[in-house]
Amino acid sequence: MSHTVPHIVVIGGGAGGLELVTRLGHQFGKRGKARVTLVDRSPTHIWKPLLHEVATGSLDSGIDEVSYRGHARAHHFHFQLGTLTGIDRTERQLTLAPIDDDSGTQVVPGRTVQYDYLVLALGSQSNDFGTPGVARHCNFLDSREQAERFRQKLLNQFLRLSVQNRDQADNPARLTIAIVGAGATGVELSAELHNAARMIGSFGFEGMDKGQLDVHLIEAGPRILPALSERISASAHLELTKIGVKVRTGTRIVEATEQSLHTAEGETITADLMVWAAGIKAPAFLAQLDGLETNRINQVMVHPSLQSLTDERIFAIGDCAGCPIGDNRWVPPRAQAAHQMASHLIKNLKRLFNQQPMQPFVYKDHGSLVSLSRFSTVGSLMGNLTSGSFFIEGHLARMFYVSLYRMHQLALHGPLATLLMAFVEHINKVLRPRLKLH
C-alpha cells in the first residue's frame with residue numbers, strides 16, 4: 001500500500017456503518033493511527049426505522065438527515081459518494097460505479113479504492129420472494145428515496161379524493177392502501193397512515209379524513225409481528241383494529257397487478273396504493289463479490305469475530321451479515337444488532353492493531369418496541385433491568401421508543417448536540433406543519 005497507516009473502508013452508512021466510522025474516526029483517524037473512509041451511494045443518512053414516518057410526511061427527512069461529508073469533516077474520516085460494483089481481494093481493491101446526473105451525463109467516472117481492511121455494512125431490503133408483479137407494481141420503503149416517492153403518491157391520492165369528494169359529499173370516495181408484511185415496518189406504517197389521514201383535512205384537503213381511508217395489513221403467517229412475543233403481537237393487533245386497520249393474517253399473496261393483490265385462496269384485494277414490506281434480504285450483488293460466502297438471503301457469512309468466512313481482512317456487520325449465535329439461530333436484522341456489532345468491531349480492530357486475539361461477538365437482546373403512531377406504543381424490555389423481560393405499552397413504551405433514536409443520535413453527535421437537536425424538534429412542532437405537504 002502507498003499509505004503508511006492501515007486504510008479501513010466501510011461500505012454503507014446506515015445505523016451500524018455510520019456509527020462505526022464516527023467512532024473509528026475519533027479513535028484512529030484523529031490520532032493518525034488509521035485512515036477511515038465511508039462509501040455510500042447517497043450523500044445523506046437517515047435512520048431506517050424512521051422511513052415509515054418519512055413515507056407519510058410526519059417526518060421531514062430534510063431536517064433529520066445527516067450529511068455524510070459534513071459529518072466526516074467533524075469526525076475525522078473521509079467520505080466517497082459511490083456504489084460498490086466489485087472487489088478484488090488479491091489486490092485489496094474496490095471498484096465504484098460511475099456517477100451520473102439526472103440527465104444521464106457522467107459526472108464522475110468509475111474509480112478504484114485501495115483498502116487494508118474492508119467492512120460491509122450494506123443493510124437489507126424487502127424480499128419479494130420472486131412473487132410475480134411485486135417489483136413492478138408495489139412500493140417499497142427500503143430507502144429515503146423510496147419513502148419520498150411513496151409520500152408524493154400518497155399526497156396525490158389525498159388531493160384526488162379531496163377534489164372528488166367536494167363534488168359528491170353525500171357519497172365520498174375512499175382511499176384503499178394495502179400493506180403486505182406485518183413486521184415492524186408494516187405495522188408502524190399502517191398506524192402512521194391513519195394518523196396522516198386524521199390530520200390531512202386540516203391542511204385544506206377538504207372532504208378527506210380518516211373515515212375515507214381503508215388500510216389492509218396482510219400477513220402470510222398466523223399473527224402480526226411474528227418475530228416478537230405473542231403478547232406484543234396480540235396487543236398491537238387489538239390497537240390496530242381499534243383505529244380501523246383491517247388486519248388479515250394467514251393470507252399469502254401470489255401475484256400483484258396494477259391495482260390489486262391476488263391471494264393463494266383466489267381472492268383479489270383491490271388497492272389504490274400497495275406497499276411490500278414482507279421479508280428481508282441483503283443486496284443480491286453480495287453473492288457475486290469475488291467468492292465471498294453468502295447464505296440464501298445474500299448475507300455475508302461471518303465468524304463470531306465478524307470476519308467473513310472467506311477473507312480475514314473483510315468484515316460484515318448489521319443486516320448484511322450472517323452471524324451465528326448458536327442452536328441454528330442467527331443475529332436478527334435489527335438496529336440494536338447493528339449498533340452492537342459496530343461497537344464490538346471497534347474493539348476487535350483495536351485488538352487486531354495491537355496484535356491481540358479478537359473476541360467473539362455476543363448479541364444481547366434488549367427487547368423490542370413498536371410505535372403505533374400517536375395511538376399507542378407496545379413492546380418488551382429485556383436485559384439488566386429484569387431477570388427476563390417485561391411487557392410495556394402506552395406512554396412509558398413511547399418514551400423508551402423515542403430514546404432508541406436519541407441513542408443513535410448520541411452515538412453520532414455526542415450529548416450536547418443531541419440535546420440541542422431534541423430542543424429544535426420541540427420548536428419545530430410549534431413552527432412547522434405536522435405533515436410535510438410538498
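The values are calculated or read from the model by the stated rules, or taken from the named source; none is laboratory data. Just so we're clear, the structure is a prediction, and the values are computed from it rather than from any experiment. Because the Cβ atoms are built from the backbone with ideal geometry, glycine has one as well, and the counts that use them run over all protein chains shown. Note: areas computed on protein heavy atoms with side chains; ligands, DNA, RNA excluded. Shrake-Rupley method; radii C 1.70, N 1.55, O 1.52, S 1.80 Å.
List of remarks:
- Considered as a group, the residues in region 283-293 that are assigned to a helix (DSSP H, G or I) and of a type in the set (A, V, I, L, M, F, W, C) include one that is least open to solvent (accessible area, probe 1.4 Å), and that residue is Leu286.
- Of all residues in region 74-111, those satisfying the criterion of being open to solvent by 60 Å² or more (accessible area, probe 1.4 Å) and β-branched (Val, Ile, Thr) are Thr85, Thr90, Thr105, Val107.
- Some residue of region 128-146 being among the small types (Gly, Ala, Ser) and open to solvent by less than 10 Å² (accessible area, probe 1.4 Å): no
- Restricting the first member to region 354-365 and to residues that are among the β-branched types (Val, Ile, Thr), and the second to residues that are open to solvent by less than 90 Å² (accessible area, probe 1.4 Å), the beta-carbon pairs closer than 9 Å and six or more apart or on different chains are Val362/Pro304; Val362/Ile325; Val362/Gln340; Val362/His344.
- Residues in region 41-80 that are within 14 Å of Thr22 (Cα to Cα) and of a type outside the set (Lys, Arg): 13 in all.
- Residue check for Ile280: of a type in the set (Val, Ile, Thr), surrounded by 15 or more Cβ atoms within 10 Å (Cβ to Cβ), within 21 Å of the chain's Cα centre (by Cα) and closer than 28 Å to Arg136 by Cα: yes
- Region 39-95, residues that are within 25 Å of Leu189 (Cβ to Cβ) and among the hydrophobic types (A, V, I, L, M, F, W, C): Ile46, Trp47, Leu50, Leu51, Val54, Ala55, Leu59, Ile63, Val66
- In region 23-49, the qualifying residues are those that are open to solvent by less than 10 Å² (accessible area, probe 1.4 Å) and among the aliphatic types (A, V, I, L, M), and the one that is nearest to His413 (Cα to Cα) is Leu24.
- Given (1) within 30 Å of Ser305 (Cα to Cα); (2) in contact with an Asp or Glu (Cβ under 9 Å, 6 or more places away or on another chain), index of the condition Thr131 fails: (1)
- Residue list for region 27-60, filter: assigned to a helix (DSSP H, G or I), within 18 Å of the chain's Cα centre (by Cα) and not polar (S, T, N, Q): Lys48, Pro49, Leu50, Leu51, His52, Glu53, Val54, Ala55
- Subset of region 1-26 [more than 27 Å from the chain's Cα centre (by Cα) and modelled with pLDDT of 95 or more]: Pro6, His7
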